[in-house]
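Some notes on the structure that comes next.
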Amino acid sequence: MAIGYLIIQARTAHDAVPLKGVQIRILNDEGRSVYELTTDESGETQAIPLETLNRDFSQNQYYT
């Protein structure tokens, strides 16, 4: 498997104003918290690594 990265952005006013201090919690399938993040002055969180599927699967329209 490969690794991808997720950055969450929080904005308001039609995407014009970044929101600092927004608290974000990412849960796993069991409902347990795996990441707790807070947005910075630019309204973004740090990048967090996530496992991804092999890119070959995206080429198969029948993959479920």
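Can you tell me which residue is modelled with the highest pLDDT among those in the range 4-17 that are small (Gly, Ala, Ser), in a loop (DSSP other than H, G, I, E, B) and open to solvent by less than 60 Å² (accessible area, probe 1.4 Å)? Of everything passing the filter in the range 4-17, ALA10 is modelled with the highest pLDDT. Pairing residues of the range 8-34 that are on the phi > 0 side of the Ramachandran plot with residues that are part of a strand (DSSP E or B), at Cβ distances under 7 Å and at least 6 apart in sequence or on separate chains, gives GLY21/THR38. Here is the figure for the range 18-61: residues that are under 21 Å from ALA2 (Cβ atoms) and either open to solvent by 100 Å² or more (accessible area, probe 1.4 Å) or in a strand (DSSP E or B) (or both) total 14.
The values are calculated or read from the model by the stated rules, or taken from the named source; none is laboratory data. Please read all numbers here as calculations on a predicted model, not as lab measurements. Every residue, glycine as well, gets a Cβ built from its backbone with ideal geometry; the counts of neighbours run over all protein chains shown. Each accessible area value is taken on the protein alone, full model and side chains, heavy atoms only, with ligands, DNA and RNA left out. Shrake-Rupley method; radii C 1.70, N 1.55, O 1.52, S 1.80 Å.
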